[in-house]
Amino acid sequence: MRLSRRAVMRAALLTAGGAAFGAVGKDTLSQAFGWDRPPVSGGYAAAADAPEALRTANLTIRYFVETTEPVVAFTFDDGPGPQWTPMVLDALDQANIPATFFMVGQNLEEHAGLVRDRMGRHEIGNHSWSHDDLATLDRAGVETELSRTHDMIKEVFHRETTLLRPPYGHLGGSTVLAADHFGYEIVLWSHLMREKYFQDDPDGQIRDIVDNVRPGSIILAHDVGKPHRLVSLRGLSAMFSGLKARGFRFATVSELAALQTRPTPPPLTTA
């Protein structure tokens, strides 16, 4: 049997690709293809293979809120932690500003005492139990990550959470199905702190937020992580003051969502 030139080339490319994968290694490819794990290593993508499990016809995935009112929401991921969470809460208290904290369950279990009595004006969301990449888990795995954190939030704060932010902002079909199961709204963001970019220019980080947010923005920061994240956290008070000077108010994500402008439906036409 004769092989076509195209088949020979395809086989050569596949062989070279496999060799490259082995030479480069999975860890390097992980950095090339994503924040956590490369898509080539798997990931549960199917979002419609369990229709019998669906509870709702629609699921909200929110990046920002459509509103003309000058209101923004600050959100903080990955905590609580002893180094920075108290700093963030102090800045919010000083400015009398509410925020939304997307908490990692195992961090909350370990550091519940830091936040148990300090979350009165703030909202709490689910950020998984272990900060694993939910897009690489099947539905059962995602539901375990979310249910453990949901229960921990209820145990510590005696309230239910209705918001989910998946770690890294990665969305797989299993995450969508699990969010539907828990009745969650998925919250992403429209502005994020760019600490690495501004690590030598903290005033630039402040200007980037103050000058560029718009009504309905959801702003992402972190209260746990590597030291460069302090570039944003140390500038929070200046950000709050700058946004207030522009006429902005502050809200939790759910309070901001309540301001969503409802589109006017088109007029009915008759034949």
key: Estimated vicinal HN-Hα couplings, Hz - region 73-82 in sequence order (Karplus 6.51, -1.76, 1.60; Gly, Pro = x)   = 10, 8, 10, 10, 10, 5, x, x, x, x
task = Calculate the spin-label point distance for Lys154 paired with Glu110, positioning each point 7 Å from the Cα along the beta-carbon direction, and give it in nanometres.
result = 2.5 nm
note = The answer for GluC sites (Glu not before Pro) in region 141-216 that fall in a DSSP coil and have at most 12 neighbouring Cβ atoms within 10 Å is Glu160
message = Modelling each spin label as a point 7 Å along the Cα-to-Cβ direction, I'd like the Gln94/Asp117 distance in nm, to one decimal.
response = 2.2 nm
key: 5 angstrom amide H check on Phe250, placed H, neighbours 5+ away   = Val72
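Values in this text are rule-based calculations from the coordinates and carry no lab data. From a predicted model like this one, the values you see are computed outputs, not experimental measurements. Please note: Cβ atoms are built from the backbone with ideal geometry, for glycine as well, and neighbour counts cover all protein chains shown.
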